[in-house]
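> If you scroll down you'll find the structure; I have some questions about it.
The values are calculated or read from the model by the stated rules, or taken from the named source; none is laboratory data. Keep in mind that what you see is a predicted model, and the values were worked out from it rather than measured. Please note: Cβ atoms are built from the backbone with ideal geometry, for glycine as well, and neighbour counts cover all protein chains shown.
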Amino acid sequence: MNDNSLGIDSGGPPGAPPGGVGDGSAMSRWWQGPGRVVRAALDDLVTTFYPTDCRACGGPLLRAGLSPVCDSCVDGVVEQSMTLCVRCGEALDMEGVRFAGQFPVDGLVCSPCRMAPPEFERAVAYAVYQDELREMIHLLKYERMRSVAKPLGRFLARAIRMLEGEAGGDLLVVAVPLFPSKERERGYNQAVLLSDAALAELKRSRPEWKLTAAHGVIRRVKDTRSQFELTPKGRRRNLQGAFAVSDRAALPGREILLVDDIYTTGATARACAQVLRRAGAAKVWVATASRAQPEMIAAWDDSALRDAGSRVAAWDAG
C-alpha cells in the first residue's frame, strides 16, 4: 500500500504519528477524518487491481476516479508569466514591449490590436497551450473524455477571475457555439462543459459575482472548415457569417462573457464579439483556459508571418 493510504507523510520517521513527531493537531485531524483514510485505501485498491496510466504523461494514476489525467499533470499547468497585450493577451517580445511603450495612454497593446482593435474589451487566458494542457484539451475534444472538463474548467475559472474589477458584476456567460452537426458528432460542446465547470467553481469562490449561463444567445449557422487547413485570408473568409444571434431581447445593454477552451489567433472571438455588439451588447469580454502564442501559430502556419502585413491576418486566424 502507498504511504498516503496509511496517512503517513512521506519522509517522516517510522512509527511517528501522522504529520510528524509530537504533532497533536495532526493526530487530531487523523482521528477526525476517517473518510480521508477510506478514500486513500480505495485509491490503493483500485490502482493496484485495476492499474491504468495517465493519458497525458503516461505515468501511473495513483487515485481512483473518472479523470484520465494524473494530479501531477494538472498541477503542472501554470499561469502565463510573460508580458502580454492588455487587449488580446498576445505575448509581447522585447521589441513589442518597446513599441507599445511609446503609447503609455493605451498601455501595452500589440500591433494587431492597435491597427485593428477588436470589438471585445479584453481577452484573458490562464495558461499557454502546450504540454499537459494541450494533451488535456485534445482528450476532451477529440477522444470524448468529458471528465477532463472539470480540471479545465478550474483553469477557465482562474482566467475569468482576472477580469474582476474590470468586467461588470452581472454577466451573461456565452460559450462559443459549435455547428449542430459537429456538436452531435462530438456528443457535446466542450466550451459549454468548461463553462459549466468554471461557473460551479466561481459560485463557490465568488458568490457575489452574478454569472448567468446563456449559451443559447448565439448559434453557429455556418459549418466552417478547420481553420488549420486555410490560409490567413481563407480563415477570415471562413468565419464570415458563421454566427448569428438567437435571442436579441437578451442582449441590449448587457455585458457578455464569451468563453472557449482555447484562444488561438482571435478570429472566432472577434466574429462572435462583432455579432453580439451589433445585437446591442454593451461590452464583450473573452476568457479561455488556454492561449496559443505567436510562435506556435507561426509553426502551424509558416505563411502567416511571411506575408507583408500578415500580423493582422494571422491574428484573425481562429
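> Output the residues belonging to the stretch 241-256 that are among the charged types (D, E, K, R), crowded, with 16+ Cβ neighbours inside 10 Å and not in a loop (DSSP other than H, G, I, E, B).
Keep residues of the stretch 241-256 that are among the charged types (D, E, K, R), which gives 247-248, 254-255.
Subset that is crowded, with 16+ Cβ neighbours inside 10 Å: 254-255.
Once the filter is applied, which keeps residues that are among the charged types (D, E, K, R), crowded, with 16+ Cβ neighbours inside 10 Å and not in a loop (DSSP other than H, G, I, E, B), the stretch 241-256 yields only 255.
> Considering the stretch 171-217 alone, what residues qualify as being assigned to a helix (DSSP H, G or I), under 14 Å from residue 260 (Cα atoms) and among the aliphatic types (A, V, I, L, M)?
191, 192, 193, 194, 197, 198, 199
> Out of 154, 122, 158, 134, I need the residue that is over 12 Å from the mean Cα position of the chain (by Cα) and in the same structural domain as residue 204 (by TED's automatic domain parsing). Which one? Walk me through it before giving the result.
Numbers: 154 fails: over 12 Å from the mean Cα position of the chain (by Cα); 158 fails: over 12 Å from the mean Cα position of the chain (by Cα); 134 fails: over 12 Å from the mean Cα position of the chain (by Cα).
Every option except 122 fails the conditions.
> Of all residues being among the β-branched types (Val, Ile, Thr) and either closer than 21 Å to residue 159 by Cα or in a strand (DSSP E or B) (or both) in the stretch 99-149, which is modelled with the highest pLDDT? Just the residue, please. Even if it seems obvious, please write down each step before you answer.
Filtering the stretch 99-149 down to residues among the β-branched types (Val, Ile, Thr) leaves 105, 109, 124, 128, 137, 148.
Next cut, either closer than 21 Å to residue 159 by Cα or in a strand (DSSP E or B) (or both) only: 109, 124, 128, 137, 148.
Details: 109: 89, 124: 98, 128: 95, 137: 95, 148: 93.
In this case the residue turns out to be 124.
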